[in-house]
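Asks: Before I ask anything, let me first share the structure, which is written out below as structure tokens.
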Amino acid sequence: MLNCKRDYIKQPPLIFIAVGHGGPDPGAVHGALREADCNLAMAMQLRADLMRHGVQVKLSRYGDEEDRLQDEIAECNQYAPDFALALHTNAGGGSGFEVYYQTAPWKNCQYGARMASLFDGNVKKYLGVATRGCKTNQQLGWLKRVQAPCILVESFFIDGPRADWYSSIERIVLLSQAYTRAILEFFGIAYRENGILQLRIRVVNADLQTAEDYICQAVLIEGHYFVHLRQICKALGKGVYYDAEQKTPILYPPDVYAESEFQNGLLKLSDFPTRAERILAGISTEEALQYNFDEYDRADDGTLLQTLSIC
């Protein structure tokens with residue numbers, strides 16, 4: 001009767017995905033279709049969808065390698081995720097998606113039932129198909145031994161009459177998006193379409209009294225919006241400052257704003273109290289990792305990164 005170790009209010013959530021079968025175990029096979037391959041394709045797409053929303057995801061395997069059930073369970077319990085999902089593909093000549101969830105005496109069963117319902121509803125909605133519904137099965141080892149709230153999905157029947165339709169790239173993408181929407185809804189995270197959006201920036205004129213608004217393009221990647229703000233600043237001959245209260249990047253004349261300098265190759269975090277300010281000052285996340293910090297980051301709450309990141 002174990003429960004997950006993390007508070008469901010905390011963000012970002014941790015998700016563990018067990019990718020069924022693999023290596024010498026292909027799972028169900030029908031013609032050229034192998035369950036292990038279908039599960040991995042689904043898992044990789046789902047991982048990408050979740051990560052671009054800032055969700056932390058760990059897979060039990062990332063290639064066609066042996067992935068035994070007992071190893072998946074042990075790895076999952078060690079990871080201690082907020083939620084765990086086992087991906088499988090059905091067999092037996094039927095058709096449609098179905099999902100299994102934990103039951104009593106597990107304290108987590110209410111969360112599993114809720115997630116299963118969200119998965120089932122989103123598959124119906126976004127694929128426009130009938131499903132086989134939400135089910136329980138106390139004999140499934142994954143549901144019996146995983147300590148976190150968990151479900152097991154059978155995405156479709158590999159030998160069913162619509163196997164080719166379900167296994168197409170288009171349907172794999174749609175299924176993963178339906179799964180993503182379910183997980184995000186469970187954790188209260190808004191789903192965002194991939195692609196480019198317009199971001200407003202404010203440029204302060206030399207008189208320091210007036211300002212102009214500009215529009216630049218931003219891209220959503222792993223839960224953060226990225227814009228080429230450094231290039232924009234350089235082209236305009238400006239410095240950049242982030243107004244946390246207005247949640248707006250402001251571009252200033254360089255004689256008013258000056259970026260902090262590196263001291264002997266050592267980055268002082270007091271010059272950049274937050275990750276957001278370090279990025280806005282022109283230090284990418286990758287560059288920051290190459291430096292030894294001589295102070296603790298006392299104010300790295302990531303507030304800006306939930307709204308805007310700079311590449």
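Read-outs: derived from the displayed coordinates by stated rules, not from any lab. What you are looking at is a predicted structure, and each value in this text was computed from that prediction instead of being measured. Reconstructed Cβ throughout: ideal geometry from the backbone, glycine too, with neighbour counts over all protein chains shown.
Asks: Would you kindly state how much longer the chain becomes between Ala206 and Ala104 on full extension, computed as 0.36 nm times their sequence separation minus their alpha carbon distance, in nm to one decimal?
Replies: Contour length minus the Cα-Cα distance gives 30.0 nm.
Asks: Obtain the nm distance between the two label points defined at Arg132 and Asp25 by a simple spin-label model: each point lies 7 Å from its Cα along the Cα-to-C-beta direction.
Replies: For Arg132 paired with Asp25, the spin-label model returns 1.9 nm.
Asks: Measuring from the lowest to the highest alpha carbon on each principal axis, how far does segment 143-195 reach, largest first, in angstroms?
Replies: In descending order, the Cα extents are 39, 35, 11 Å.
Asks: Please give the length that would be gained between Tyr214 and Glu75 if that part of the chain were fully extended, namely 0.36 nm times their separation in residues minus their C-alpha to C-alpha distance (nm, one decimal).
Replies: Fully extending the segment from Tyr214 to Glu75 adds 45.2 nm.
Asks: Something else now. Which far-off residues, 5 or more places away or on another chain, put their amide H under 5 Å from the one on Phe97, with H placed in the peptide plane?
Replies: Residues meeting the amide H criterion: Arg132.
Asks: Which values, in whole Å and largest first, are the semi-axes of the equivalent ellipsoid of segment 109-191 obtained as the square root of 5 times each eigenvalue of the Cα gyration tensor?
Replies: In descending order, the three semi-axes are 22, 17, 10 Å.
Asks: May I ask you to derive the FRET efficiency for Glu66 and Val173 from their Cβ-Cβ distance with R0 = 22 Å, giving the value to the nearest 0.05?
Replies: The computed FRET efficiency comes out at 0.20.
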